[in-house]
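*Asks:* Starting off with a structure, shown below.
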Amino acid sequence: MSIQVFQHIKDAIRNLDPADIRRHTERPLRFFLYAEREPDYRAMEEFLVPGDLSHAKRAQVLRLIYRASESAGPVDGNDLEVYFDNSGDLATGSSGLFTFDPENPRAMIHQMLGRRPDLAVPLGLHVLPFREEVSRRMVKKIAKENALFALATAIPDIVPFISLPWAMGEFASDTAFLTANQIRMAFLLAAANDRDVGYREQQAEIATIILGAFGWRALARELVGKIPWGGGLIPKAAIAYAGTRVAGMSLERYYRLGKAYTRAERRLAYEVALERGRHLVSGLVEGFQQRNR
């Protein structure tokens, strides 16, 4: 059975092309800063280009940043306009217009990622303050995708209500799709964290994901009895959510700090993610049932 599942996973990941991730990462990105005073310009620049970056990295990021007075202004859909504003009012409306509050500089990160999710990977790659939040959102999103897929295989009518970023196709098993989507997550996390992307470049991480596809299911069987699940659909999707979330969290830490979760840390994180997945999936099932009443 394990050999068969491995073959299914091998077939599924043929749909994944890391070159697509690389092309997405290479999208042009520029910041145009607007301020009235020199100190305000410096505050924005110092946030976007932290002082602890290497000289080479600082030079690379600074090439993406323009003061409005020094340039004709944005000309591309990927250009981002940032206005210094210490009033606490967040910019709304235009998808390319944002505000920088020196008292809450991270609010700009949430603005940009909320309104321009298509630029998340390039932002994480080039601008260090974005990286951790980009990774967090990416893991959460793909964990939810896998939970939705697990539900979709049990409730076919739910398919029209979900939109996955790559074709679902005909997968021989849930395990194949869920594992392939986790490998896609590994590509995206590596790109956002300025790591090499590809099957050869990430062979250790991919091997861990494939082996983990069996390991976290075994752990799930042990933990399921301890949690009041409710409906029979919930365990399957919650387990898909938890396994994906923990794999992503461990990868994010590996790319950020150079070390993944220990076995004990993985187990603890899995228990927390399993409970979170249960609440998420319960809400999804309830919403689907209400929609079809």
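*Asks:* Within 10 Å, count the other beta carbons around each residue, average over each peptide in 49-61, 12-24, and list them highest first.
*Replies:* Details: 49-61: 11.6, 12-24: 15.4.
The packing order, highest mean first, is 12-24, 49-61.
*Asks:* Whole-Hz ³J(HN,Hα) for each residue in region 176-193, computed from phi via Karplus 6.51 cos²θ - 1.76 cosθ + 1.60 with θ = phi - 60°, x for glycine and proline: what do you get?
*Replies:* So the J values, rounded to whole Hz, are 5, 5, 4, 5, 4, 5, 5, 5, 4, 4, 4, 4, 5, 5, 4, 4, 5, 9.
*Asks:* If Lys and Arg each add +1 and Asp and Glu each add -1, what is the summed charge of the other residues whose beta carbon sits under 15 Å from the beta carbon of R116?
*Replies:* Cβ neighbours under 15 Å give a net charge of 0.
*Asks:* What is the calculated FRET efficiency for N86 to A264, with r their C-beta to C-beta distance and R₀ = 51 Å, to the nearest 0.05?
*Replies:* 0.70
*Asks:* What distance in nm lies between label points placed 7 Å from Cα along the C-beta direction at E286 and Q60?
*Replies:* Calculated label separation equals 4.6 nm.
Each reported figure results from applying straightforward, stated rules to the coordinates on display, with no laboratory input. Remember, predicted model here, so these are calculated numbers, not experimental data. In this analysis, Cβ positions are derived from the backbone assuming ideal geometry, glycine residues included, and neighbour counts consider all displayed protein chains.
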